[in-house]
Amino acid sequence: MNKRRKYRKRVAQVVAAVRIDLDTDGLKYRKWGGVQRAKRGDWLVNNDGDVYTIDGKVFAKTYRQVRTGVYMKTTAVWAEAATASGSIRTKEGASHFRRGDYLVYNNKNGSDGYCMSPAKFKSLYKAER
């Protein structure tokens with residue numbers, strides 16, 4: 001893999017989100033080439049038409065409320081372009097990526113990762129100087 005760099009969300013990038021605060025045994029759905037799971041306390045997010053869930057503790061640590069139902073990611077991420085195809089284990093399930101996709105981590109040590117296409121990544125993040 002390439003060397004990871006630090007990135008921040010571009011200005012004015014927000015998501016619509018609602019906390020899954022229901023008496024439920026969980027939610028299963030297919031995305032990113034695998035089965036994903038969400039549980040009570042996780043967040044259902046609409047990121048400009050891309051809908052997915054985020055672990056409740058991760059969301060609380062990385063997002064802040066802008067107004068009712070609208071949130072902004074406020075923490076940095078560390079990312080690198082994948083040099084080969086593969087998969088990454090996320091808190092929600094396994095996500096598959098292709099060579100050139102970005103592996104994105106909420107923590108500098110490479111934990112709490114996920115993947116996204118180069119176009120999506122570049123539209124959402126910019127390198128921190």
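Values in this text are rule-based calculations from the coordinates and carry no lab data. Predicted model only: the values in this text are computed from it and were never measured. Methodologically, a virtual Cβ is constructed for each residue, glycine included, from the backbone with ideal geometry; neighbour enumeration extends over all protein chains shown.
Beyond a 25 Å Cα-Cα separation, which of these cross-linked pairs lie in this structure: LYS61/LYS120; LYS3/LYS28; LYS3/LYS73; LYS3/LYS57?
LYS3/LYS28; LYS3/LYS57
In nm, what is the difference between 0.36 nm times the number of residues separating ALA84 and ARG64 and their Cα-Cα distance?
Separation in residues times 0.36 nm, less the Cα-Cα distance, equals 3.8 nm.
Determine the dipole magnitude for the chain: charges of +1 sit on the beta-carbon of Lys and Arg, -1 on that of Asp and Glu, nothing else is charged, the reference point is the Cα centre, and the result goes in debye to the nearest 20.
Using Cβ point charges on Lys, Arg, Asp and Glu, the chain gives about 580 debye.
Return the calculated 222 nm mean residue ellipticity for the chain, to the nearest 500 deg cm²/dmol, obtained by summing -39500 (n - 2.57) across DSSP H runs with n ≥ 4 and dividing by the residue count.
Working: 2 runs with 14 residues, N = 129.
-2500 deg cm²/dmol, from helical runs alone.
Positive end of the dipole of the chain, charges at C-beta (+1 Lys, Arg; -1 Asp, Glu), about the Cα centre: which of THR83, GLY49, PHE59 has its Cα farthest in that direction?
Towards the positive end, the residue furthest out is THR83.
What net charge do the residues around VAL14 carry, taking every other residue with its C-beta under 12 Å from that of VAL14, with Lys and Arg at +1 and Asp and Glu at -1?
Charge balance in the 12 Å sphere: +4.
Taking only C-alpha pairs under 8 Å that are 6+ residues apart, what is the relative contact order of the stretch 5-127 in percent?
27 percent.
Over all directions, what mean area does the Cα convex hull of the chain project, stated in square nanometres?
7.7
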